[in-house]
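What follows is a set of notes on a single structure, which appears directly below.
The values are calculated or read from the model by the stated rules, or taken from the named source; none is laboratory data. Given the structure is predicted, the values throughout are model-derived calculations rather than measurements. Note that we place each Cβ from the backbone using ideal geometry, even for glycine, and neighbour counts take in every protein chain shown. To get the accessible areas, we keep the full protein, side chains included, count just its heavy atoms, and leave off ligands, DNA and RNA. Shrake-Rupley method; radii C 1.70, N 1.55, O 1.52, S 1.80 Å.
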Amino acid sequence: MYSDGAAYENGVVQGNDFFFRLYKNRDSTPPIVSDGTGDGDYVSRTYGLGQTFTTPADVNRRLYYIEPNIDASQWTAGQPITLTLWDSPEKKRMIEYTGPITGTNNGDHPRFFLYAKLEPNKTYYYEITGTSPANLGWVAKSTGNTYAGGTGYKTVNDGDAAITYSGGGWGVSSNRGYGDFSDDVHYTTVNNDSFSYTFTGTGVDYVTETSSDQGDVDIYIDNTLQQTVSTYSPSRKSQQTVFSKTGLSDGTHTIKVVKRSGTYMLLDTIRVQQAADYRFRAVFGSQYEDYVDDFLDISGADELQFDNYPFRGGYDDPTYFQNAELIRERGLDHDVIYGAFLQSATIVNGAGGVKFRSSTPSMKRYNVYTYLTYGMKNMYWFTYWQPEYVVDFDESFSETPVSLTGQLQDAYWQIQALNAEMQNLGRTLKDLTSTAVYHSGVRPYGTTGMPEQYSPDFYVKPSDATQPIIAGFFTHTNGRKYVMLTDRDYSANKTYTFQFDPSNKPASLTEVSKTTGNEVNSGFSYQASTGQLTVTFLPGEGRLFALPVGY
């Protein structure tokens, strides 16, 4: 079968060939590298260090990790460092975070694993922060602008000794819980009080809280008034960049901020734009993704099935949604049907330790609908019939749908009802392709938050961004759009309001019924004039809505 080689057995040529495959590295998105050395800064509770970088035109894999250059000999074990990935230095939207890690995992090049989904041709910002009062981990940077795709930044906390506070009204507020850098601010209530900071760099940002009890401030650079800035906002917002100055000559400059009105003026941080870049590598394509790709390529399978059970002993698996994200992406990339095993059993070890805990009907519903929202189509329960004790894994099973003796148990009827719902929805779901999945509320690790702006492919979101909702967007083979809205809370019934794009409100809305599989216009409230949808969910429930043809 293979004309360019022959198989041998004990030195004797055979009339057949052995199956083999020469492995080569995946054609992943190439790493982003900022190199050069000769300088550096420390990270601590007072100093955060950051760098912008630009993704290439083709991003076909997730960002696996960022690897800065940190001197491990100056990083005492137990001192935590966190790396957070943002949409920009202004930190309007957090993409992902990792840590804290309390010691290097790779010598002078510690790896901060992110598994973040990034867009092509876009600038992102990562920031390294620590909670230790001591300076640690000299973070190397170049002696000049060596990386054209980004800029280095140093964040100076309000408690730094180099900041001068002038006037008699200054105080310090710590442990605020509002999301400030290092959880503290300096504040004054006296007009004409000021602070100043002398820095070396090419730009500077004034970062503070904004609130209804704050007013105007005058900002000076090198004794020249730049502008008067309002720090007022109807509600309190933390880490707000209210002033930014770039294009300064590479040298020493001074920023001064003077209180003019309002009850308070605050300082959270001063962010200094560096003339240099911090050393790092941003690596795309994880071993997990490679493993799934290899499986599909070598096996030639046209289906992808995985098991990752959410309800562990005493906690929910924190990688549950990360796994769902990666399986969805690899399945779509290979154009195969993908699906999952659902958790139906309680599993304990011989000592009585719970590996996988008992799942209530609400938990089973959550397992089903979270996976359906990700576009999964092959759904199997593990397991229907109770297995005998598994010696190799020290596992005993219970609460399965069918007992060891063949008796139907409570889980059987719970699963029977959910299977019927999946069958009815499946008449529509089988012809849908997942186009995007977004999370609101406290976003699970490895997932994508709701975009700020509406678009043709993102047209509805929760009115309250703090609610734990998953929105799965789909397109039918005929081009029609669908969205599944799922409650990530499996503890109680909830009623949520959703807002469709105000500039493109659907004239009508129907839901695919779980009981008949037909489209219905009852059981929810939709106001076409405002684009508001109000829905009541059972715990962990998802509901599939159909948009009008041509929307």
Task: Any chance D293 is free of Cβ contacts under 8 Å to residues at least 12 places away in the same chain and open to solvent by less than 30 Å² (accessible area, probe 1.4 Å) - done: no
TODO: Having 1 or more residues that are in contact with a helix residue (DSSP H, G or I) (Cβ under 9 Å, 6 or more places away or on another chain), free of Cβ contacts under 8 Å to residues at least 40 places away in the same chain and open to solvent by 10 Å² or more (accessible area, probe 1.4 Å) is the bar; report the strands (runs of 3 or more DSSP E) wholly within segment 120-179 that clear it.
DONE: 170-174
Open item on the list: Only one of D222, D205 is among the acidic types (D, E) and open to solvent by 50 Å² or more (accessible area, probe 1.4 Å). Can you tell me which?
Closed with: D222
Open item on the list: One residue is enough: does segment 313-329 have a residue meeting the conditions of a type in the set (K, R) and either assigned to a strand (DSSP E or B) or without any contact (Cβ under 8 Å) to a residue 60 or more places away in the chain (or both)?
Closed with: no
Task: Pick from segment 410-425, criterion free of Cβ contacts under 8 Å to residues at least 60 places away in the same chain and within 31 Å of the chain's Cα centre (by Cα), ranking: farthest from Q343 (Cα to Cα) - done: M422
- [ ] Find the residue count for segment 20-30, including only residues that are surrounded by 11 or more Cβ atoms within 10 Å (Cβ to Cβ) and modelled with pLDDT under 75.
- [x] 1
Task: Matching residues, segment 31-51, being under 23 Å from the mean Cα position of the chain (by Cα) and surrounded by fewer than 20 Cβ atoms within 10 Å (Cβ to Cβ) - done: P31, V33
- [ ] Only residues that are assigned to a loop (DSSP other than H, G, I, E, B) and more than 23 Å from the chain's Cα centre (by Cα): list them for segment 56-76, please.
- [x] N69, D71, W75, T76
Open item on the list: Show the residue pairs meeting these rules: Cβ distance below 7 Å; 6+ apart or different chains; first residue within segment 250-263 and in contact (Cβ under 8 Å) with a residue 40 or more places away in the chain and of a type in the set (G, A, S); second residue in a strand (DSSP E or B) and crowded, with 20+ Cβ neighbours inside 10 Å.
Closed with: G262/Q214
Open item on the list: Condition first: in a loop (DSSP other than H, G, I, E, B) and β-branched (V, I, T). Now tell me which residues in segment 502-551 satisfy that.
Closed with: T515, T516, T530, V549
TODO: Please enumerate the residues belonging to segment 238-257 that are of a type outside the set (S, T, Y) and either open to solvent by 80 Å² or more (accessible area, probe 1.4 Å) or assigned to a strand (DSSP E or B) (or both).
DONE: Q239, Q240, V242, F243, K245, D250, G251, H253, I255, K256, V257
Open item on the list: List the residue pairs whose Cβ atoms are under 8 Å apart, where the first residue sits in segment 524-544 and is under 16 Å from T510 (Cα atoms), the second is assigned to a loop (DSSP other than H, G, I, E, B) and among the hydroxyl-bearing types (S, T, Y), and the two are 6 or more positions apart or on different chains.
Closed with: Y526/S508; A528/S508; Q532/S463
- [ ] Kindly indicate whether S235 is open to solvent by 10 Å² or more (accessible area, probe 1.4 Å), farther than 17 Å from S166 by Cα and assigned to a loop (DSSP other than H, G, I, E, B).
- [x] yes
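Please enumerate the residues belonging to segment 312-328 that are of a type in the set (D, E, K, R), more than 14 Å from T448 (Cα to Cα) and touching a strand residue (DSSP E or B) at 6+ places or on another chain (Cβ under 7 Å). Break it down stepwise before answering.
Of segment 312-328, the ones of a type in the set (D, E, K, R) are 312, 316-317, 325, 328.
Now narrow it down to the ones that are more than 14 Å from T448 (Cα to Cα): 312, 316-317.
Result: R312, single match.
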Task: Restricting segment 432-444 to residues that are open to solvent by less than 60 Å² (accessible area, probe 1.4 Å), in contact (Cβ under 8 Å) with a residue 40 or more places away in the chain and part of a strand (DSSP E or B), the residue that is nearest to G540 (Cα to Cα) - done: H439
- [ ] Name the residue, out of V229, V185, that is assigned to a strand (DSSP E or B) and buried (at least 20 other Cβ atoms within 10 Å of the Cβ).
- [x] V185
- [ ] Identify, by number, the condition in (1) assigned to a loop (DSSP other than H, G, I, E, B); (2) among the hydroxyl-bearing types (S, T, Y); (3) within 30 Å of D180 (Cα to Cα) that T52 doesn't meet.
- [x] (1)
Task: Among residues of segment 329-355, those that are within 26 Å of D302 (Cβ to Cβ), hydrophobic (A, V, I, L, M, F, W, C) and surrounded by fewer than 20 Cβ atoms within 10 Å (Cβ to Cβ), counted - done: 4
Open item on the list: Tell me whether segment 321-341 contains one or more residues that are over 30 Å from D58 (Cβ atoms) and at pLDDT 95 or above.
Closed with: yes
Open item on the list: Among the residues of segment 327-337, are any among the hydrophobic types (A, V, I, L, M, F, W, C) and more than 21 Å from the chain's Cα centre (by Cα)?
Closed with: yes
Open item on the list: Looking at T447, T428, can you tell me which residue is touching a helix residue (DSSP H, G or I) at 6+ places or on another chain (Cβ under 9 Å) and open to solvent by less than 70 Å² (accessible area, probe 1.4 Å)?
Closed with: T447
Open item on the list: Tell me which strands (runs of 3 or more DSSP E) are completely within segment 337-409 and hold 3 or more residues being among the aliphatic types (A, V, I, L, M), or say none if there are none.
Closed with: 337-343
Open item on the list: The conditions are (1) small (G, A, S); (2) without any contact (Cβ under 8 Å) to a residue 60 or more places away in the chain; (3) under 30 Å from Y482 (Cα atoms); (4) in contact with a Phe, Trp or Tyr (Cβ under 9 Å, 6 or more places away or on another chain), and S403 fails exactly one of them. Which is it?
Closed with: (3)
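Has segment 77-88 got any residue that is in contact with a helix residue (DSSP H, G or I) (Cβ under 8 Å, 6 or more places away or on another chain), crowded, with 19+ Cβ neighbours inside 10 Å and in a strand (DSSP E or B)?
Initially, segment 77-88 is screened for residues in contact with a helix residue (DSSP H, G or I) (Cβ under 8 Å, 6 or more places away or on another chain), giving none.
The answer is no, given that none of the residues of segment 77-88 is in contact with a helix residue (DSSP H, G or I) (Cβ under 8 Å, 6 or more places away or on another chain), crowded, with 19+ Cβ neighbours inside 10 Å and in a strand (DSSP E or B).
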Open item on the list: Testing V520 on (1) open to solvent by 10 Å² or more (accessible area, probe 1.4 Å); (2) closer than 30 Å to S359 by Cα; (3) not aromatic (F, W, Y), one condition comes back false. Which one is that?
Closed with: (2)
